[in-house]
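The values are calculated or read from the model by the stated rules, or taken from the named source; none is laboratory data. What you are looking at is a predicted structure, and each value in this text was computed from that prediction instead of being measured. For neighbour counting, all protein chains shown are included, and Cβ atoms are generated from backbone atoms with ideal geometry for every residue, glycine included. The protein model used for the area step is the full one, side chains on, heavy atoms only, and it has no ligands, DNA or RNA in it. Shrake-Rupley method; radii C 1.70, N 1.55, O 1.52, S 1.80 Å.
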Amino acid sequence: MTHAPDSPNDSDHQLSHAPGYRRTSVPGNVIRGAMIGVVETVPGVSGGTVALVVGIYRQLIDSASAVVSALRVMVTGPDRVTNAGAYLSLVQWRVIIPVIIGMVVGLLTAVQFIGGWVENYPELTRAAFFGMVLVSIVVPFRMALHSAGGALSPKHWLLGAAAVAVTFVLVSLPPNQVEPHWWLVLPAAAVAVSALLLPGLSGSFLLLTFGLYEPTIGAARDLDFGYLGVFFAGAVLGMVSIVKGLKWLLDHHHTVTMVVLSGVMLGALRTLWPWQTEDRGLLAPDDLLGPAAAIAAAGAAVVGVLVILDARLSRAE
């Protein structure tokens, strides 16, 4: 058989042996997808973070890469059907399909009430997710330590610090408000879905920065298929543009990638500081400090349990 460049016999062929894989059940993957869908509606929380914590991040990246390769050879050849089928056989379908179903259900359910929580209880909502994301940083950091043999080099620490600083500045930008024209929605969706694949960067937060968070939530709540169609097209463009790069980094520079992702997550915590102005200026804690600390601790405990379970599953394999 004639193979296309970057053929299925190359790095994609090793999907089932990639570091970071977990054996998962179909019902469990539906729940994982629902969790990702729910948190993607919350500005400041990344679906990629959830995927890392629940042990399916690498499966999602590698499977998405295989789908992109299949689509490419269907257009460019050679042996379009044969090579496309070879790529599609590498997709972790028993992970991907349940996760997508769960994401849709979780997202459509969350948009009915999450906006009210963020609007009516902003400090407590951010506090809960602050605690959850703070503990989640342990996951990519532990992966980085493992792939580095237990100790990070000065270069790794410098890269992590740079990722913290750049992300902190990025998420400090004040939000905008724009009219949801299709030529704005399309690129915004591409950037937002890229954030879905990057733990620490929230697609919802970026939409908020672009001024398209409320229109997008409203379109999902009201099933505005015109808006959602444009958004989906942009999401596909963003997925194709970033997934191959992420897969290559995970395959060839796993330690550096995990260090940078850890830094991105740490810097992005700035978005979840409970006390902020509408323009994202940071404020000192107020009378809600006690309840906010308790809710943050509860969120941290929930994720902490997931992290411990993930670590035990890693040692059991």
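Determine Rg/Rh for segment 76-165; Rg is computed over alpha-carbon atoms and Rh is the Kirkwood hydrodynamic estimate from the same atoms. Don't skip to the end; give the middle numbers.
Numbers: Rg = 20.7 Å, Rh = 18.0 Å.
Using only Cα positions, Rg/Rh for segment 76-165 is 1.15.
Of all the accessible heavy-atom surface of the chain, with the other protein chains kept in place and a 1.4 Å probe, what percent is carbon and sulfur? Can you show the working numbers first?
On the way: 10760 of 15060 Å².
Ligands and nucleic acids excluded, carbon and sulfur reach 71 percent.
When the dipole is taken about the Cα centre of the chain, and only Lys, Arg (+1) and Asp, Glu (-1) are charged at their Cβ, what size is it in debye, to the nearest 20? Write down the numbers at each step before the final one.
Numbers: 17 positive and 19 negative charges, 193 e Å.
It works out to roughly 920 debye.
Which is farthest toward the positive dipole end of the chain among V67, V111, P291, measuring Cα position about the Cα centre, with Cβ charges +1 (Lys, Arg) and -1 (Asp, Glu)?
Of the candidates, V67 comes out farthest on the positive side.
What are the ³J(HN,Hα) values, in whole Hz, obtained from phi via the Karplus relation 6.51 cos²θ - 1.76 cosθ + 1.60 with θ = phi - 60°, for each residue of segment 226-231 in sequence order, with x given for Gly and Pro?
So the Karplus estimates, Gly and Pro as x, are x, 4, 5, x, 5, 4 Hz.
Using label points projected 7 Å from each Cα along Cα→Cβ, tell me how many nm separate W248 and F225, to one decimal.
Result: 3.8 nm between the two label points.
For segment 233-317, what class follows from the C-alpha gyration tensor (a ≥ b ≥ c being the square roots of its eigenvalues): rounded when a/c is under 1.5, otherwise prolate if a/b is larger than b/c, else oblate? Numbers along the way, then the final one.
Working: a/c = 2.60, a/b = 1.38, b/c = 1.89.
The shape class here is oblate.
Over the chain, give the accessible area per residue in Å² for a 1.4 Å probe, as an integer. Don't skip to the answer; put the middle values down first.
Numbers: 15060 Å² over 317 residues.
For the chain, the per-residue accessible area is 48 Å².
Express in whole angstrom the spacing between the alpha-carbon centres of segment 221-277 and segment 142-179.
13
Express in % the proportion of alpha carbon pairs of the chain at distances exceeding 24 Å.
55
On a full-extension model of 0.36 nm per residue, what is the gain between Q112 and W273, subtracting their alpha-carbon distance, rounded to one decimal in nm?
Numbers: separation 161, 0.36 × 161 = 57.96 nm, distance 2.41 nm.
Taking Q112 through W273 to full extension adds about 55.6 nm, to one decimal.
Report, in deg cm²/dmol and to the nearest 500, the calculated mean residue ellipticity at 222 nm for the chain, where each DSSP H run with n ≥ 4 adds -39500 (n - 2.57) and the sum is divided by the residue count.
Numbers: 15 runs with 221 residues, N = 317.
Calculated mean residue ellipticity at 222 nm is -22500 deg cm²/dmol.
Treat every Asp and Glu Cβ in segment 38-190 as -1 and every Lys and Arg Cβ as +1, leave all other atoms uncharged, and give the resulting dipole magnitude about the Cα centre to the nearest 20 debye.
Numbers: 7 positive and 6 negative charges, 98 e Å.
Approximately 480 debye in magnitude.
What FRET efficiency comes out for A294 versus E214 if R0 is 45 angstrom and r is the Cβ-Cβ distance? Round to the nearest 0.05.
0.95
Quick query: amide H of Q276 versus all other amide H atoms, modeled in the peptide plane; which residues come in under 5 Å with a sequence gap of 5 or more or a different chain?
So Q276 has HN proximity to L283.
Name the residues of segment 248-276 whose amide N is less than 19 Å from a point 7 angstrom out from the Cα of T76 along the C-beta direction?
Those under the cut-off are 248-249.
Along the charge dipole of the chain, which of V138, T82, Q276 sits closest to the positive end, that is, farthest toward it, with unit charges on the beta carbon of Lys, Arg, Asp and Glu (+1, +1, -1, -1)?
The Cα lying farthest towards the positive end belongs to T82.
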